[in-house]
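For reference, the structure discussed in these notes is given below.
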Amino acid sequence: MTAAGPKMNLAAVEVAVGTILKYIDEDSGREGLWRTPERVAEMYTELFSGVGTDPAAEIDAIFSDGVTHDPVLVTDLPFYSMCEHHLLPFFGRASLVYVPDQHIAGISKIARALDTTTRRLQVQERITAQLADAVMSGVQPLAVACRVEAEHLCMSMRGVQKPGHRVVTTAIRHGQSGGDNGSGPSYSASELLSLLDGRVQPAP
């Protein structure tokens with residue numbers, strides 16, 4: 001990642017985890033739990049490494065030579081995140097299509113932007129919007145559509161207990177042409193989503 005977020009107070013996290021263990025386990029002093037607070041704190045530094053960072057800043061490889069208005073699709077990017085409501089994981093795949101205006105992005109940078117949005121306490125709707133906004137800000141395309149599909153363990157292992165469910169969220173953004181590369185084709189929201197599904201051909 002290009003920008004470091006705020007440093008996590010590992011000692012305070014360890015104390016907090018130890019307190020939780022004390023009150024949820026009848027034998028919190030057993031050998032298997034001795035280093036659990038330390039392990040959890042170390043794990044959190046990885047799971048929440050996106051805190052305080054800007055996803056758009058990850059899209060720092062931008063190219064302009066030979067750019068056309070042909071749509072660019074990036075599909076089935078896996079991700080894992082942590083639900084801010086129950087502190088349980090949710091995971092799935094993100095797909096994105098954008099219509100270049102004057103620039104294209106290094107594909108791996110879009111994956112890094114996704115990682116930045118997901119490595120923090122999140123809700124799926126916000127991930128979808130933040131990824132679309134990051135591409136709009138970093139690449140300034142004519143349009144972008146993002147779709148995220150995920151299973152939430154707070155629905156699978158507790159509450160209604162519906163494992164295997166799928167939550168689908170979408171975000172659509174439209175920009176304005178800079179002019180040097182022509183006005184470019186216009187895509188409706190439904191056409192952008194259809195491109196993600198591979199159901200329609202790019203506009204002429």
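Just so it is clear, none of the values below were taken in a lab; they were calculated from the coordinates. Predicted model only: the values in this text are computed from it and were never measured. Quick reminder, even Gly has a Cβ in these numbers, built from the backbone with ideal geometry, and neighbours come from all protein chains shown.
Quick check: pseudo-label points 7 Å beyond the Cα along Cα→Cβ at residue 80 and residue 21, how many nm apart are they?
2.0 nm
Hey, can you grab everything whose amide H is under 5 Å from the amide H of residue 61? Only 5+ residues off in sequence or another chain; H modelled, so Pro and N-termini drop out.
106
Between residue 119 and residues 5 or more places away or on another chain, which pairs have amide H atoms under 5 Å apart, with H built 1.01 Å from N, and which residues are they?
50
Quick one: helix 124-139 against the long Cα principal axis of the chain, what's the angle to the nearest 10°, folded into 0 to 90?
Relative to the chain, helix 124-139 is tipped by roughly 40 degrees.
Answer rounded, prolate or oblate for region 61-197, using the Cα gyration tensor with square roots of eigenvalues a ≥ b ≥ c: rounded when a/c is under 1.5, else prolate when a/b is larger than b/c, else oblate. Present the calculation step by step, with values, prior to reporting the outcome.
Numbers: a/c = 2.91, a/b = 2.18, b/c = 1.33.
Prolate.
Could you check which residue among 36, 128, 68 shows the biggest mean-square fluctuation in a GNM of the chain with a 10 Å Cα cutoff?
For the chain, modelled as a Gaussian network with Cα springs under 10 Å, the answer is 36.
Which is the longest run of the chain containing none of the trypsin sites (Lys or Arg not before Pro) found in DSSP loop states (not H, G, I, E, B) with at most 11 other C-beta atoms within 10 Å?
Values: sites that count: 7, 30, 35, 158, 166, 199.
Longest gap between qualifying sites, sites excluded: 36-157.
Most exposed first by the Cβ proxy, i.e. fewest other Cβ within 10 Å, how do 133, 76 rank? Intermediate results must be reported in sequence, preceding the final value.
Numbers: 133 18, 76 9.
Lowest count first: 76, 133.
What per residue convex hull volume, in Å³, do the alpha-carbon atoms of region 1-143 yield? Working shown, then result.
Details: hull volume 15.1 nm³, N = 143.
Here the figure is 105 Å³ per residue.
Given the -39500 (n - 2.57) contribution per DSSP H run of 4+ residues, what per-residue ellipticity at 222 nm results for the chain, rounded to the nearest 500 deg cm²/dmol? Walk me through the numbers on the way to the answer.
Details: 6 runs with 68 residues, N = 204.
Result for the chain: -10000 deg cm²/dmol, rounded to the nearest 500.
Of the residues 70, 101, 115, which exhibits the maximal mean-square fluctuation in a Gaussian network model of the chain defined by a 10 Å Cα contact cut-off?
70
Residue by residue through region 108-115, what is 3J(HN,Hα) from phi via Karplus (6.51 cos²θ - 1.76 cosθ + 1.60, θ = phi - 60°)? Round to whole Hz and write x for glycine and proline.
5, 5, 5, 5, 5, 4, 4, 4
With contacts defined as alpha carbon pairs under 8 Å and 6 or more residues apart, what's the relative contact order of region 3-137 in percent?
Working: 190 pairs, mean separation 38.2, N = 135.
28 percent.
Between 16, 57, 150, which gets the highest mean-square fluctuation from a Gaussian network model of the chain, Cα cutoff 10 Å?
Among 16, 57, 150, the largest GNM mean-square fluctuation belongs to 16.
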